[in-house]
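Please read the structure below before turning to the comments.
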Amino acid sequence: LRLLFNPDQVALDESIAWQTAFWYWSKKVNTVPSVKMGYFGVSTNAINGALECSGPKRDAAQNRFRIYKNVLIAFNVNETPIEYGCYN
C-alpha cells in the first residue's frame, strides 16, 4: 500500500525493486507457456512488446537477444537460445 503513495520507492529501495521485478515476472511473464519453453522473444514480447516487438524500437529487442547470446557464452552455458516470439 505504501507504494501507491510513493511509487519512487521502487527505484530507490533495492529490496522493493527486486520484489516488484519478481512479482511482474511471476504474474505477467512466467505465465506465458512459451516463456517456459525457452523462447527468448516471447519473454521480450511479454515485457516490452508494444515498444520493441511491434513498435518503434525493434532494434532494441534484436540487440537484447545478441547480448543474451554473449552472456550464455561468457558463462559457458551450453544452450542454444531461441530467438522466436518478438519480431519474428
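Screening the range 4-31 for residues that are open to solvent by 50 Å² or more (accessible area, probe 1.4 Å) and within 23 Å of LYS69 (Cβ to Cβ) and picking the one that is nearest to the chain's Cα centre (by Cα) gives TRP25.
Close Cβ contacts (under 9 Å, 6 or more residues apart or on different chains) running from residues in the range 52-66 that are among the hydroxyl-bearing types (Ser, Thr, Tyr) to residues that are at pLDDT 90 or above comprise SER54/ASN45; SER54/CYS86. Regarding ARG66, is this residue charged (D, E, K, R), over 12 Å from the mean Cα position of the chain (by Cα), modelled with pLDDT under 95 and open to solvent by 100 Å² or more (accessible area, probe 1.4 Å)? Considered against the rule, which asks whether it is charged (D, E, K, R), over 12 Å from the mean Cα position of the chain (by Cα), modelled with pLDDT under 95 and open to solvent by 100 Å² or more (accessible area, probe 1.4 Å), ARG66 comes out as no. Inspect the range 40-52 for any residue being open to solvent by 60 Å² or more (accessible area, probe 1.4 Å) and of a type in the set (D, E, K, R) and give the result as yes or no. Taking every residue of the range 40-52 in turn, none turns out to be open to solvent by 60 Å² or more (accessible area, probe 1.4 Å) and of a type in the set (D, E, K, R).
The values are calculated or read from the model by the stated rules, or taken from the named source; none is laboratory data. This is a predicted model, so every value here is computed, not measured. Positions of Cβ are generated from backbone atoms using ideal geometry, with glycine treated the same way; all protein chains shown enter the neighbour counts. Quick note on the areas: whole protein, heavy atoms, side chains included, nothing else; ligands and nucleic acids left out. Shrake-Rupley method; radii C 1.70, N 1.55, O 1.52, S 1.80 Å.
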